[in-house]
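Notes to accompany the following structure.
The values are calculated or read from the model by the stated rules, or taken from the named source; none is laboratory data. Source: prediction; values computed, not measured. All Cβ positions, even for glycine, are placed from backbone atoms using ideal geometry, and neighbour counts span all protein chains on display. With ligands, DNA and RNA removed, areas are computed over all heavy atoms of the protein, side chains included. Shrake-Rupley method; radii C 1.70, N 1.55, O 1.52, S 1.80 Å.
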Amino acid sequence: MSRASGNTGTAGVPRIHCPSCRKPGDWSAESPFRPFCSERCRLIDLGAWASERYAIPVETPPDQDEF
Ligand SMILES: [Zn+2]
């Protein structure tokens, strides 16, 4: 019974849960949206953070084409 040094699991890729949708996924070093599973979830989390911080009572139309 030897104590292994390090915290590597059975698999080489650590598993994560997306903070936004709680969906389990692989923590890939190539993922640009870490720790989120996708860009969509990242934007959702950023939006929630911004609304919580600033509490802006503004409704943004989803189909706004204004540039
Ligand atoms: Zn997600």
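The label point for Phe67 and the one for Cys21, both projected 7 Å from the Cα toward the Cβ, are 3.0 nm apart. The residues of segment 15-54 have, on average, 79 Å² of accessible surface per residue, using a 1.4 Å probe with all protein chains present. Volume of the convex hull of segment 15-54 (Cα atoms only), normalised per residue: 57 Å³.
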